[in-house]
Every structure is written in structure tokens, then in C-alpha cells.
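Heads up: the structure comes next, in C-alpha cells.
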Amino acid sequence: MAGPVVVHPERLWRNPEPAAAYDVIVVGGGGHGLATAYYLAKNHGITNVAVLEKGWLAGGNMARNTTIIRSNYLWDESAGIYEHSLKLWEGLEQELDYPILFSQRGVLNLAHSLQDVRDSVRRVHANRLNGIDAEWLDPQQVREVCPIINISPDVRYPVHGATYQPRAGIAKHDHVAWAYARAADALGVDLIQDCEVTGLQVSGGRVTGVHTTRGTIGAGRVALSAAGHTSVVARMAGIDLPLQSHPLQALVSELLEPVHPTVVMSNAVHVYVSQAHKGELVMGAGIDTWNGYGQRGAFHIIERQMAAALELFPFFARAHVLRTWGGIVDVTPDASPIVGLSPVDGLFLNCGWGTGGFKATPGVGWCYAHTVAHGEPHPLNAPFSLERFVTGALVDEHGAAAVAH
Ligand SMILES: Cc1cc2nc3c(=O)[nH]c(=O)nc-3n(C[C@H](O)[C@H](O)[C@H](O)COP(=O)(O)OP(=O)(O)OC[C@H]3O[C@@H](n4cnc5c(N)ncnc54)[C@H](O)[C@@H]3O)c2cc1C
């Protein structure tokens, strides 16, 4: 299970001063922004591009997430974009020529009630119709995939079975960001850190540039990819997005020998567990229910979820917590993303990925780059328009999976 130890080279990309203007400015140097810049250059030949990041590359959710990658979503629209992403993940290490430690160790989504079982089996069938690998496992089969899970019926959340996606897994998040950054830089993209966008310049209904802490920069097009802060940036152009920003937290244990061979998620308990290549158990909680921008969560949220997790994994009782942290996730009313055009010409939106956008990094970067390059959505992201909150054509993954990771 342990992958190769990678030494981070001293310098992977240039550190340029901002130019006076770019064809495209991407706001936000997380995974989505970096992937978008890379695909703009690689797939569309648009290289006069800058990624503006207020802090450091991948200092936001990109390197705060629990790295679960899967595509077993219920609705056709979601399955389409997440499966496109998973296919890109499968060739990404070779494409970017960087060890991202993508490990297809499978993901189990546990069912704890009769209704969970019905929903899960329905999802397996829907997944298969969409060509996505999906299996229904009974408790004994769950235990074969994950021997440390407690399948006793005498716990608060007994395991009645699970969906299983064998091609799902995890990757090393910061390596993914560095891989995209390095590849984008090599194609001529300027990655500008410590450069906060403080205003959007709009003239005659069209975006013409951005104001930043390092001066005003002209832009033909501006692509927002600011995750939990997207509504704040969009507001600078007078756009009120249907987004709520919540803290979402996670923790890692001390390093253990390899004990957990797969990824386990439970939406009922709202806890999910994998074991990182280095050996830590990586565990997460549900979102903190209130809105906020402080990158930390409340202790009682994670305490409750860990109590439930211990019933599923009694084995973890003696593991020590090494550290906890939080990120800010942006959630839409149907808990599906917004990827497409905005009411301002030349200004594009990629947001609302909530708790589940890491897995989408290659897929959304690919689709968003297409959207920005052509000025219209790719068919894979067309259903995720802002207009759906007016037309009512929602992608209602909410009940199934979209608030899970
Ligand atoms: C604890 C946690 C666990 C998660 N687990 C999973 C998981 O297991 N699987 C999964 O698929 N997803 C998961 N997610 C969700 C996933 O991390 C996000 O959906 C995804 O990372 C969002 O895209 P991003 O990487 O571009 O975001 P970010 O990395 O947050 O990038 C946005 C960037 O925009 C920058 N920015 C903001 N405002 C400005 C400004 N004004 N000017 C310039 N820059 C600005 C920020 O500094 C930030 O770097 C998790 C999230 C959290 C917090």
C-alpha cells in the first residue's frame, strides 16, 4: 500500500510579476483553478493566462480535503462529469509526469437502514446504466473488503450492506496541485501567489479586468475558481450567487501500520475514513451547520462523529489524533456545482462543489477550460448552469451523495 516517498523539488514553477493584462485571468490557485489554466493552455492553446491566488497555491481546500475520488453519483448529469473526471484521473500521473499517488483502492458507501439499502441498490443500478463500476455488497462481503469494520447488529448504526466502486480511491492532494501548477507553468501560464482579487472591473456589462493587492490587471475573460469565497468575489461584480459557505473539518491520526485497505464512507454517521500512504487514518465529518469563513470547525461536531466512527471501527479507539483542521466549502441549494456563464459577459463561474470537488479536479478543469475558451458550456457541464435555480431544472443529488465526499 505504501507508495514511493517523493522529495519536493526546490522550485517547480516560475514566480513572475503580474503582467499588465492577460487573455484569461483565473481567480483562485486551488486545484480547480490550476487544472483550468493547464487545460486552457493544453487543450485550447490559450497560454496568455494568469492564475491569481491570494495566499499560496493549494492553501485552500485543495490541500485540506480528505482526497476521496469516486464517480458513483445517482443522477445522469453528475455521473457524466464525475466519471469523465475519474477517467482523467486514471491517466493523470502519466499526463502530468508527476507522482500524484492515485490509488484505486475502492470506496464503500455504507447502508445503515432499510431506506439506505433501497437508495443504495437504486444507485448501483443507476451507476451501471451509466457505465460506472458499482456493486452491492452484503455485510459479510463488506467485511471481506474491509476486515476492520464492525458488522455487529448491536451498534447504533448497524451495517446492512454497502455500495462498492472498485475504481474509486484516493490521491495525494498537494502533489496533484503541484503537478498541475508545474505543467501549466511549463506551457506559459503565470502563477501569481500572494495576489488577492479585491474588485472586478466591469464596463458596459463586460468584465475588463481585476483589481488586486498587486495592482489592476486587464483581462479578456475572468474565470472564478475561489471555492468557499466565490460568492464574495462574484459580489464584486454585483452578482449574488445562491451559495452558502460552511466550515468542513477533518482530522488525521498518528501514523499506523497499513490496517485499512479501502475507503469507507457513511452518510448516516457522516464519517469517512481512509488510510494515507504515509499511514495516518484520514477521517472527516459533515459540515458545520452554520455559515462562516474561519478555516476551523467546532469541536463538538467532530467529537460526535468520531464517537459514531468508533462503533464502526472499535479498532481506532486507541489511535491518537495528530491534528484537525477545517476548510470553507460552498454549497448550493441542490448541493450540485455551478459551472458556466455568469450574467456579466466574459465572467465565468465554477463554484458550489461543496464537500466533493477534489474528485472533480481534472474533470471540471477540463470542462471549465472548454467553457471559457468557447464562451459556452461543454455538454458535460451544461446542466450545471446558474439558470437552473431560475428554471427549476435542479440536479438534486442532495439526498444521494453530493453532500458526501
Ligand atoms: C475538510 C474537507 C474535506 C474534503 N474532502 C473531500 C473529499 O474527500 N473528496 C472530494 O472530492 N472533495 C472533498 N472536499 C472538497 C474539495 O476540497 C473542494 O470541493 C475543492 O478543493 C474546491 O476546489 P479548489 O481545489 O479549487 O478549492 P481551493 O483550494 O479552496 O481553491 C480556491 C482558492 O481561491 C483562493 N481565493 C479565494 N478568494 C480569492 C481572492 N479574492 N483572490 C485570489 N484568490 C482567492 C483561495 O485562497 C483558494 O486557494 C473537502 C473539503 C474539505 C474542506
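Taking R0 as 22 Å, what FRET efficiency do you get between SER203 and ASP240 from their Cβ-Cβ distance, rounded to the nearest 0.05?
So, using R0 = 22 Å, E works out to roughly 0.60.
In whole Hz and in residue order, list the ³J(HN,Hα) couplings for region 175-192 that follow from phi through the Karplus curve 6.51 cos²θ - 1.76 cosθ + 1.60, θ = phi - 60°; x for Gly and Pro.
Working through the residues one at a time gives 5, 5, 5, 4, 4, 5, 4, 4, 5, 5, 4, 5, 8, x, 6, 8, 9, 10 Hz.
Please list 3J(HN,Hα) in residue order for region 91-107, calculated via the Karplus relation 6.51 cos²θ - 1.76 cosθ + 1.60 where θ = phi - 60°; whole Hz, with x for glycine and proline.
Values per residue, Gly and Pro as x: x, 5, 4, 5, 4, 8, 6, 8, x, 9, 6, 6, 10, 8, 9, x, 10 Hz.
With both bridge residues required to lie in the chain, what share of the DSSP beta bridges run antiparallel, to the nearest 5%?
Rounded to the nearest five, the antiparallel share is 70 percent.
Restricting to DSSP H runs of at least four residues, report the calculated mean residue ellipticity at 222 nm for the chain, -39500 (n - 2.57) per run over all residues, nearest 500 deg cm²/dmol.
Dividing the helical sum by the residues of the chain leaves -8500 deg cm²/dmol.
Positive end of the dipole of the chain, charges at C-beta (+1 Lys, Arg; -1 Asp, Glu), about the Cα centre: which of GLY45, PHE313, GLY375 has its Cα farthest in that direction?
Comparing the listed Cα positions along the dipole, PHE313 ranks first.
With springs only between Cα atoms under 10 Å apart, run a GNM on the chain and tell me which of GLN244, GLN140, GLN165 wobbles the most.
Largest GNM mean-square fluctuation: GLN140.
Please calculate how many Å² of accessible area the chain carries per residue, with a 1.4 Å probe and no DNA, RNA or ligand atoms counted.
Values: 15910 Å² over 405 residues.
Accessible surface, normalised per residue, equals 39 Å².
Could you give the length gained by full extension between ARG122 and HIS44, i.e. 0.36 nm per residue of separation minus their alpha carbon distance, to one decimal place?
In short, 24.2 nm is gained.
What list of whole percents do you get for P(r) of region 183-226, with Cα-Cα distances grouped in 5 Å bins up to the one holding the largest distance?
5, 19, 27, 25, 15, 7, 2, 0
I'd like the accessible area for PHE102: 1.4 Å probe, protein heavy atoms, all chains in place, Å² to the nearest 10.
Result for PHE102: roughly 40 Å² accessible.
Using the alpha carbon gyration tensor of region 268-351, what are the three equivalent-ellipsoid semi-axes (square root of 5 times each eigenvalue), largest first, in whole Å?
They are 33, 14, 13 Å, listed largest first.
What is the calculated FRET efficiency for LEU129 to LYS87, with r their C-beta to C-beta distance and R₀ = 22 Å, to the nearest 0.05?
Efficiency at R0 = 22 Å is approximately 0.80.
Given all pairs of different Cα atoms, what value in angstroms does the Kirkwood hydrodynamic radius of region 146-214 take?
Its Kirkwood hydrodynamic radius stands at 17.9 Å.
By how many nm would the segment from TRP56 to ASN291 lengthen if fully extended, with 0.36 nm per residue of separation less the alpha-carbon distance?
On the way: separation 235, 0.36 × 235 = 84.60 nm, distance 2.38 nm.
Extra length available between TRP56 and ASN291 comes to 82.2 nm.
If region 27-92 were replaced by its equivalent ellipsoid, with semi-axes equal to the square roots of 5 times the Cα gyration tensor eigenvalues, what would those be, largest first, whole Å?
24, 17, 10
Normalise the Cα radius of gyration of region 220-275 by 2.2 N^0.38 Å (N = residues in it) and let me know the number.
With N residues counted in region 220-275, Rg over 2.2 N^0.38 Å equals 1.80.
Starting from the Cα of ARG318, step 7 Å along the direction of its Cβ; do the same at ALA393; then give the gap between the two resulting points in nm.
5.8
Which residue, ILE328, ILE338, ILE148, tops the fluctuation ranking in a GNM of the chain built on C-alpha contacts under 10 Å?
Comparing ILE328, ILE338, ILE148 in a Gaussian network model of the chain, the most mobile one is ILE148.
For a bin width of 10 Å, list the pair-distance distribution of region 91-216 built from all Cα-Cα distances, rounded to whole %.
It works out to 11, 23, 20, 18, 18, 9, 1, in whole percents.
Holding the Cα-Cα limit at 27 Å, pick out from LYS54/LYS87; LYS54/LYS172; LYS54/LYS278 the pairs that are longer than that.
Details: LYS54/LYS87 31 Å; LYS54/LYS172 23 Å; LYS54/LYS278 30 Å.
In this structure, LYS54/LYS87; LYS54/LYS278 exceed 27 Å between Cα atoms.
Suppose every K and R has +1 on its Cβ and every D and E has -1 on its Cβ; what is the size of the dipole of the chain about the Cα centre, in Debye to the nearest 20?
280
Give the Rg (one decimal place) followed by the Dmax (whole number) of region 263-405, computed from C-alpha coordinates and expressed in Å.
Using the Cα atoms of region 263-405, the pair Rg, Dmax is 17.8, 56 Å.
Report relative contact order for the chain in percent, whole number only (criteria: Cα-Cα under 8 Å, sequence separation at least 6).
23
Could you go through region 150-160 in sequence order and give the Karplus-derived ³J(HN,Hα) for each residue, using 6.51 cos²θ - 1.76 cosθ + 1.60 with θ = phi - 60°, rounded to whole Hz, and x for Gly and Pro?
Calculated HN-Hα couplings, in order: 8, 9, 4, x, 9, 10, 4, 10, x, 8, 8 Hz.
Calculate the spin-label point distance for ALA21 paired with ASP76, positioning each point 7 Å from the Cα along the beta-carbon direction, and give it in nanometres.
Those two pseudo-labels are separated by 4.3 nm.
Take the chain, connect every pair of alpha-carbon atoms lying under 10 Å apart with a spring to form a Gaussian network, then pick out the residue of VAL49, VAL202, VAL159 with the largest mean-square fluctuation.
VAL202
Give me Rg over Rh for region 150-274, both radii from the alpha carbons and Rh done the Kirkwood way, two decimal places.
In region 150-274, Rg relative to Rh is 1.12.
Stokes-Einstein diffusion coefficient for region 1-152 at 37 °C in a medium of 0.692 mPa s, Rh from the Kirkwood formula over Cα pairs: what value in µm²/s?
174
How big, on average over all directions, is the shadow cast by the Cα convex hull of the chain, in nm²?
So the Cα hull casts an average projection of 18.3 nm².
The values are calculated or read from the model by the stated rules, or taken from the named source; none is laboratory data. Everything quoted here is computed from the prediction, not taken from an experiment. Positions of Cβ are generated from backbone atoms using ideal geometry, with glycine treated the same way; all protein chains shown enter the neighbour counts. Surface areas here come from the heavy atoms of the whole protein model, side chains and all, with no ligands, DNA or RNA. Shrake-Rupley method; radii C 1.70, N 1.55, O 1.52, S 1.80 Å.
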